[in-house]
Amino acid sequence: MEQQWIITPTEQPPDWFVEAVKHYTPASSGYYAAQLLWQRGIREDSQLTAFVNSRTYQPASPWEFAQEMQLAVERLQQARENGEKVAIWGDFDADGITSTAVLWDGLGQFFTPHEHLAYYIPNRLTESHGLNCPGIDGLAQQNCKLIVTCDTGSTNISEIIYAETLGIDVIVTDHHTLPSSRPPVTAIINPRYLPDDHQLFHLSGVAVAYKLVEAIYEILPNIPRQPLEDLLDLVAVGLIADLVQLSGDCRYLAQLGIQKLQADFKQPAAARRRPGVGRLLELCQRNGDRPTDISFGLGPRINAVSRIQGDASFCVELLTSRNHERVQELAEVTELANTRRKSLQKDVARQVERKLSQIDLSTTSVIVLADSQWALGVLGLVAGQVAQETGRPTILLSTDGVENRGDLTGNPALARGSARSVNSVDLYQLVKDQAHLLHRFGGHPFAAGLSLAVENIPLFTQAINQQLRQNLAGATLNATVTADLTVTVAELGKELFAELKLLEPCGMGNPVPKLLIQNCWFENSWHRNQQDWRGKKVQYIKTEFDIRDDSSKAKFPGVWWGHYKDELPPVRCDCIVELDYNTYKKRYEIRIIAVRPQSEFFWRRQLIEIIDWRNLPTSAPENHQESGSTPLLWKNCPSCWDELGVWVRRCLYNQQPLAIAWGETNHQTPEQTWLTLVGVAKYLSRTQKLVTRTQLLDKLRIGDRCLYFGIQALTACGFITTRQDQHLQISQPGNIVSDNPEVAIGNFLAAIREEQFQRRYFAEVPLSTIQTMAYQTIINASHGSEFKSQN
């Protein structure tokens with residue numbers, strides 16, 4: 001579905017405000033930062049100071065939770081005095097894991113770990129969010145007398161009552177949706193009981209857990225041996241990974257936490273307080289000074305463990321242990337889980353896309369899809385992707401697993417899954433309205449987990465769609481992407497980045513600034529599979545490129561995650577991007593959020609003239625009388641129609657005609673080309689020089705497909721080819737690594753013969769056909785469709 005682009009109206013901030021902002025960005029004008037802050041409601045000097053400078057912000061006291069906090073602290077004091085064992089009940093996502101770690105480290109100052117303090121993390125694949133009776137039974141067998149939940153528990157009424165029958169009290173710390181009445185617990189600390197404009201209202205689970213520890217530190221200040229502030233790095237990870245609104249105390253805690261995270265990472269590895277966090281940052285090639293180091297680095301890796309393995313209990317040890325050898329091992333297991341998660345997510349996304357193509361979205365308000373082959377652990381991620389792309393709440397269900405097939409007692413087969421929302425649709429309320437069809441559910445307005453009988457899926461789908469249509473009252477849902485500022489390529493770089501960084505940490509309510517670049521184009525694009533920390537390929541693509549426009553002769557680097565280079569428009573386009581700093585490559589770069597070719601009308605006005613210069617002298621023709629400019633000479637005969645788009649784009653950029661001067665192509669036989677390739681490989685291995693893909697193609701006068709088979713043949717003959725950014729390095733030949741290198745060489749020779757056959761066709765194709773295909777290239781690009789080979 002085509003996204004609707006929303007360009008935020010420009011509102012001129014007053015001069016005094018721009019000057020006030022410039023005080024924080026002395027190396028730049030401060031105008032863009034001022035414009036963004038003004039748009040987002042920061043319009044007073046006091047607001048600006050509190051927003052930018054955490055030292056001037058006044059955080060709320062933990063006692064804002066009033067009697068509930070008092071009851072919780074008193075019960076914990078009682079447990080300590082009586083020598084009772086306390087169990088922390090966490091959750092398996094990043095917020096739940098960091099919440100558990102905060103309580104493990106924080107309460108661990110008052111209770112002896114393992115002897116008087118334990119923790120329990122449900123298994124994502126076999127259990128679900130929240131308390132469950134089998135887990136409570138296990139804690140009862142360990143003689144636990146008090147459970148402290150974190151990031152969960154508010155609606156687990158029956159499980160809380162069951163714990164009470166076993167003599168176990170429950171303190172709930174959570175931030176999810178509240179039940180209709182207070183649960184029968186010792187205490188419940190949940191910011192949703194506060195007014196929605198309270199500075200604590202948006203706390204995530206880890207921040208609520210921190211507030212509990214803060215209160216105990218105040219009551220028993222002489223007992224802890226570690227400063228309370230040492231927990232803030234974990235708080236920042238959970239806050240940012242959970243995508244809560246970063247305002248009020250959420251923003252304050254995240255600011256302080258990122259400072260702690262960065263300071264610890266700068267220490268020598270042996271001196272770090274959290275060596276496991278440091279190792280994770282090293283594996284994802286980040287240094288902990290940016291919120292994106294969490295949202296794109298630490299958060300996905302912590303989440304990946306339960307998504308792939310189910311049991312994420314060891315992640316608490318990874319975050320809290322000082323045993324360097326142990327956390328090194330755990331960090332690498334975590335990284336491998338994230339590698340597997342990427343591949344699995346791509347597989348499921350591809351399958352979901354096929355099912356989605358069979359749905360009439362014009363009559364669908366809520367997308368509900370189910371499949372027995374889908375991995376439960378990645379359904380939330382894929383549902384989020386689909387929701388963003390379609391503008392519709394999305395629910396994906398898996399019917400896989402032994403427990404889902406029902407049993408001889410007559411229990412129904414269960415489907416389990418995840419739901420994600422967009423466009424401010426309260427997904428939790430929508431799901432709750434269908435509670436009579438569900439086995440279990442929980443979550444908040446933007447994300448939920450649920451299970452239901454497989455036989456109820458059709459009725460559930462019909463009912464939830466009908467409910468949302470009634471709520472919308474005729475309004476339509478559209479996929480949207482919003483641009484905050486319009487900039488040029490010349491403005492990208494260090495100064496603009498410094499201004500945008502003033503808004504960090506970003507999150508819901510204060511999103512990462514999106515930049516609109518108009519009338520731009522892409523050059524030097526290439527894509528590759530990502531590699532894990534061991535150098536193995538991951539089934540996840542990213543495209544790198546340079547972007548240019550008419551504001552400057554300079555180009556600027558960028559990336560497009562999950563997309564191939566052929567998806568970049570071959571013509572001038574508009575794109576919405578985020579500006580980032582790549583700490584690994586030590587460069588500023590953009591990350592594409594959305595891209596679209598400019599309108600068909602625009603390109604109709606810029607159709608190029610194509611001149612047939614075949615079988616004529618190959619020197620450049622004189623200035624053409626109609627255009628008055630020298631045509632661009634295309635000498636090498638193509639092997640497919642796709643190459644035409646590249647030349648059309650170049651002519652449009654330069655406002656030149658295109659002269660087709662295809663003559664004889666490669667006079668070498670395939671065997672001679674193979675000998676040339678071997679000679680080049682030997683030269684490169686001897687001199688240790690690097691070579692680009694383009695240089696090899698030009699030298700051998702072959703296409704990409706042939707080069708691929710050529711590299712395979714070299715490998716079979718003992719050459720080692722490695723990629724270094726956009727260059728290739730061919731090292732000294734060793735032993736032949738293939739039992740039958742003649743097969744690989746034969747594949748290379750066959751590919752060349754096929755390519756030469758195709759080029760002979762293009763050498764004689766009529767000019768009218770070339771002109772038609774050039775026009776179609778422009779029209780297809782303006783419609784956002786990929787140009788397919790038609791030879």
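What to note about this one:
- Flag if I42 is open to solvent by 60 Å² or more (accessible area, probe 1.4 Å), farther than 30 Å from Q109 by Cα, of a type in the set (V, I, T) and under 31 Å from the mean Cα position of the chain (by Cα): no
- Which numbered condition S365 fails, given (1) crowded, with 19+ Cβ neighbours inside 10 Å; (2) part of a helix (DSSP H, G or I): (2)
- Filter pass, I42 being at pLDDT 95 or above and touching a Phe, Trp or Tyr at 6+ places or on another chain (Cβ under 6 Å): no
- Filter result (open to solvent by 10 Å² or more (accessible area, probe 1.4 Å), modelled with pLDDT under 95 and within 22 Å of A473 (Cα to Cα)) within segment 368-400: Q388, R392
- For the residues I576, I592, I610, I547, the requirement of being at pLDDT below 90, of a type in the set (A, V, I, L, M) and open to solvent by less than 20 Å² (accessible area, probe 1.4 Å) singles out I610.
- Pairs meeting the criteria (first residue in segment 258-280 and among the polar types (S, T, N, Q), second residue surrounded by fewer than 20 Cβ atoms within 10 Å (Cβ to Cβ), beta carbons under 9 Å, at least 6 apart or on different chains) are Q259/S54; Q259/D289; Q262/N287; Q262/D289; Q267/R273.
- Scanning segment 579-589 for residues that are open to solvent by 40 Å² or more (accessible area, probe 1.4 Å) and either farther than 18 Å from V489 by Cβ or among the β-branched types (V, I, T) (or both) yields Y584, K585, K586.
- Extreme residue, modelled with the highest pLDDT, among residues of segment 469-525 that are assigned to a loop (DSSP other than H, G, I, E, B), of a type in the set (A, V, I, L, M, F, W, C) and closer than 14 Å to V577 by Cβ: L492
- Filtered residues of segment 134-167 (kept if assigned to a helix (DSSP H, G or I), open to solvent by 40 Å² or more (accessible area, probe 1.4 Å) and closer than 14 Å to P183 by Cα): I157, S158, I161, Y162, E164
- Residues of segment 454-466 that turn out to be open to solvent by 10 Å² or more (accessible area, probe 1.4 Å) and in contact with a strand residue (DSSP E or B) (Cβ under 7 Å, 6 or more places away or on another chain), as a count: 3
- Matching helices (runs of 4 or more DSSP H) fully within segment 39-129 where at least 1 residues are closer than 24 Å to D242 by Cβ and either free of Cβ contacts under 8 Å to residues at least 60 places away in the same chain or polar (S, T, N, Q) (or both): 45-52, 94-107
- Of the residues making up segment 297-355, those that are without any contact (Cβ under 8 Å) to a residue 60 or more places away in the chain, buried (at least 23 other Cβ atoms within 10 Å of the Cβ) and either of a type in the set (D, E, K, R) or assigned to a loop (DSSP other than H, G, I, E, B) (or both) number 2.
- Hits in segment 238-253 (condition: more than 14 Å from C150 (Cβ to Cβ), out of contact with any strand residue (DSSP E or B) (no Cβ under 7 Å at 6 or more places or on another chain) and open to solvent by less than 10 Å² (accessible area, probe 1.4 Å)): D249, C250, L253
- For segment 401-424, filtered to residues that are touching a helix residue (DSSP H, G or I) at 6+ places or on another chain (Cβ under 7 Å) and in a loop (DSSP other than H, G, I, E, B), the residue that is modelled with the highest pLDDT is S421.
- Scanning segment 681-705 for residues that are open to solvent by 30 Å² or more (accessible area, probe 1.4 Å) and of a type in the set (A, V, I, L, M, F, W, C) yields one hit, L690.
- Selection status of R416, open to solvent by 70 Å² or more (accessible area, probe 1.4 Å), in contact (Cβ under 8 Å) with a residue 40 or more places away in the chain and more than 18 Å from S154 (Cβ to Cβ): no
- The single condition from (1) of a type outside the set (A, V, I, L, M); (2) crowded, with 22+ Cβ neighbours inside 10 Å; (3) over 28 Å from A448 (Cα atoms) that Q262 fails is (2).
- On inspection, L76 passes the criterion of being open to solvent by less than 10 Å² (accessible area, probe 1.4 Å), of a type outside the set (G, A, S) and either out of contact with any Lys or Arg (no Cβ under 6 Å at 6 or more places or on another chain) or closer than 30 Å to K145 by Cβ (or both).
- Matching residues, segment 350-388, being more than 14 Å from the chain's Cα centre (by Cα) and closer than 20 Å to I541 by Cα: R350, Q351, V352, E353, R354, L379
- Within segment 189-220, the residues that satisfy the criterion of being under 17 Å from G96 (Cβ atoms), small (G, A, S) and outside any loop (DSSP other than H, G, I, E, B) are G205, A207, A209.
- Any chance V185 is open to solvent by less than 50 Å² (accessible area, probe 1.4 Å), out of contact with any Cys (no Cβ under 8 Å at 6 or more places or on another chain), aliphatic (A, V, I, L, M) and assigned to a loop (DSSP other than H, G, I, E, B): yes
- Looking only at segment 467-481, and only at residues there that are within 17 Å of V431 (Cβ to Cβ) and among the polar types (S, T, N, Q), the one that is most open to solvent (accessible area, probe 1.4 Å): Q470
- Count - residues of segment 168-181 that are more than 34 Å from the chain's Cα centre (by Cα), surrounded by 14 or more Cβ atoms within 10 Å (Cβ to Cβ) and in a loop (DSSP other than H, G, I, E, B): 1
The values are calculated or read from the model by the stated rules, or taken from the named source; none is laboratory data. Computed from a predicted model, the values in this text were never measured in an experiment. We place every Cβ from the backbone using ideal geometry, glycine too, and count neighbours over all the protein chains shown. Note: areas computed on protein heavy atoms with side chains; ligands, DNA, RNA excluded. Shrake-Rupley method; radii C 1.70, N 1.55, O 1.52, S 1.80 Å.
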